[in-house]
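Down below is the structure, laid out as structure tokens.
The values are calculated or read from the model by the stated rules, or taken from the named source; none is laboratory data. Since the model is a prediction, treat every value here as computed from it, not as a measurement. Cβ: placed from backbone, ideal geometry, glycine included. Neighbour counts: every protein chain shown. Just the protein is used for accessible areas: all its heavy atoms, side chains included, with ligands, DNA and RNA removed. Shrake-Rupley method; radii C 1.70, N 1.55, O 1.52, S 1.80 Å.
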Amino acid sequence: MTHILDRIKHNFSESIQTKIHAADAISDSIGAACERVVQCLLDGHKIMSCGNGGSACDAMHFSGEMLNRFRHERPSLPAIALTADISTITSIANDYNYHEIFAKQLRALAQPGDLLLAISTSGNSQNVLNAVKAAHDRGINVIALSGHDGGKMAELLIQGDIEIRVPATNTARIQETHLLIIHCICDVIDYQLFGHGDIVT
């Protein structure tokens with residue numbers, strides 16, 4: 001049992017240290033992303049999100065916080081998780097290619113002024129890369145959540161896009177930090193748009 005507890009404590013410690021390091025390294029990028037999301041919403045546009053596996057869950061988590069609420073009562077905000085419609089995803093994967101499951105949705109749903117939140121711990125998920133390309137084709141910018149060295153996704157980003165690259169190589173630690181980043185964005189939305197959540201010192 002002692003060895004199990006040691007592993008648990010190690011995971012907690014490693015997660016905490018990853019977040020502390022990330023706070024110093026990527027706060028400016030998170031702040032820029034927050035401002036971009038807030039402006040997108042003020043301009044009457046929507047945010048679409050995508051990812052695979054745990055990142056798919058993060059994409060749906062973000063849209064859930066937007067469409068329902070984060071910490072305070074407020075109006076619903078426009079967001080679409082491209083990971084959520086299983087009949088659309090499976091039909092595209094079956095009829096065309098799994099790499100197209102997000103890109104085809106974007107070509108139908110994206111309008112200039114919208115944003116894509118593209119989530120990939122490695123930055124190398126082909127369907128997310130194709131989504132970034134489709135977003136650019138539709139004239140929308142990308143907020144990319146990545147890790148490691150940013151992968152191929154970093155190479156696709158253009159002027160106006162924002163990359164938030166978690167400075168870590170452990171996938172679990174990157175995903176945990178991605179969720180915190182998403183919560184930071186939601187918190188800033190509540191604060192800037194609705195005046196909720198003043199920090200008490």
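In a shell of Cβ-Cβ distance under 12 Å around Ala81, excluding Ala81 itself, what net charge do Lys and Arg (+1) and Asp and Glu (-1) give? Before the final figure, lay out the partial values.
Values: positive: Lys46; negative: Asp58, Glu65, Asp85.
Result for the neighbourhood of Ala81: -2.
Roughly how big is region 1-102's charge dipole about its Cα centre, with Cβ charges of +1 (Lys, Arg) and -1 (Asp, Glu), in debye to the nearest 20? Numbers along the way, then the final one.
Working: 8 positive and 12 negative charges, 67 e Å.
Here the size comes out at about 320 debye.
Amide H neighbours of Ile80 under 5 Å, counting only residues 5+ apart in sequence or on other chains, H built in-plane at 1.01 Å?
Here the answer is Ile47, Met48, Ser49, since their amide H atoms fall under 5 Å of that of Ile80.
Semi-axes, largest first, in whole Å: what does sqrt of 5 times each Cα gyration tensor eigenvalue give for region 1-136? Can you show the working numbers first?
Details: eigenvalues 169, 92, 45 Å².
In descending order the semi-axes read 29, 21, 15 Å.
Counting helices only, and only those DSSP H runs with n ≥ 4, report the 222 nm mean residue ellipticity of the chain as the sum of -39,500 (n - 2.57) divided by its residues, in deg cm²/dmol to the nearest 500. Provide the component values of the computation, followed by the final result.
Values: 7 runs with 114 residues, N = 201.
Calculated from helices alone, the mean residue ellipticity at 222 nm is -19000 deg cm²/dmol.
When we measure straight from the Cα of Lys46, which lysines land under 26 angstrom away, once same-chain ones fewer than 8 places off are left out?
Partners within reach: Lys104, Lys133, Lys152.
I need two numbers for region 28-105: Rg to one decimal and Dmax as a whole number, Cα atoms only, in Å.
My reading of the Cα-based Rg and Dmax gives 14.2, 42 Å.
Sequence-distant or interchain residues sharing an amide H contact under 5 Å with Val166, placed H: which?
Ser146, Gly147
With a 1.4 Å probe and all protein chains left in place, how much of the accessible area of region 1-130 comes from carbon and sulfur atoms, in whole percent? Mind dumping the intermediate values first?
Details: 3720 of 6840 Å².
That fraction is 54 percent.
Please state the relative contact order of the chain as a whole percent: Cα pairs under 8 Å, 6+ residues apart?
Working: 332 pairs, mean separation 46.4, N = 201.
Relative contact order for the chain comes out at 23 percent.
Roll a 1.4 Å probe over the protein chains and send me the accessible area per residue for region 122-175 in Å².
Details: 2170 Å² over 54 residues.
The answer is 40 Å² per residue.
Starting from the Cα of His10, step 7 Å along the direction of its Cβ; do the same at His72; then give the gap between the two resulting points in nm.
My value for the distance between the label points is 4.2 nm.
Using Cα positions and a limit of under 16 Å, work out the aspartates and glutamates in reach of Lys19, with same-chain residues fewer than 8 apart set aside.
List returned: Asp28, Glu176.
In nm, give the distance between the simple-model label positions of Asn94 and Gln126, each being 7 Å from the Cα along the Cα-to-Cβ direction.
2.1 nm
Mind pulling up the Rg/Rh value for region 86-167? Radius of gyration and Kirkwood radius, both on Cα.
Values: Rg = 12.4 Å, Rh = 12.7 Å.
Ratio of gyration radius to Kirkwood radius: 0.98.
With a/c under 1.5 counting as rounded, go ahead and sort region 139-199 into rounded, prolate or oblate using the C-alpha gyration tensor (a ≥ b ≥ c being the square roots of the eigenvalues; past the cut-off, prolate if a/b is larger than b/c, else oblate). Can you show the working numbers first?
Values: a/c = 3.79, a/b = 1.40, b/c = 2.70.
Verdict is oblate for region 139-199.
What are the residues whose amide H is under 5 Å from the amide H of Asn141, where those residues sit 5 or more places off or on another chain and H is modelled from the backbone?
HN-HN under 5 Å from Asn141: Gly113, Leu116.
Enter the Cα centre distance for the pair region 88-147 and region 1-35, rounded to the nearest angstrom.
Answer, in whole Å: 27.
Treating only the Cβ of Lys, Arg, Asp and Glu as charged (+1, +1, -1, -1), what charge dipole size does the chain show about its Cα centre? Round to the nearest 20 debye.
On the way: 15 positive and 22 negative charges, 55 e Å.
Rounded to the nearest 20 debye, it is 260 debye.
What full-extension length gain, to one decimal in nm, is calculated for Gln17 and Ile86 as 0.36 nm per residue of separation minus the Cα-Cα distance? Mind dumping the intermediate values first?
On the way: separation 69, 0.36 × 69 = 24.84 nm, distance 3.62 nm.
Contour length minus Cα-Cα distance gives 21.2 nm.
At 30 Å minimum axial length over the Cα atoms and a Kyte-Doolittle cut of -1.0, report the qualifying DSSP H helices in the chain, or say none. Mind dumping the intermediate values first?
Details: long enough: 2-42 (52 Å, 0.10); 171-194 (34 Å, 0.69).
Span-like helices here: 2-42, 171-194.
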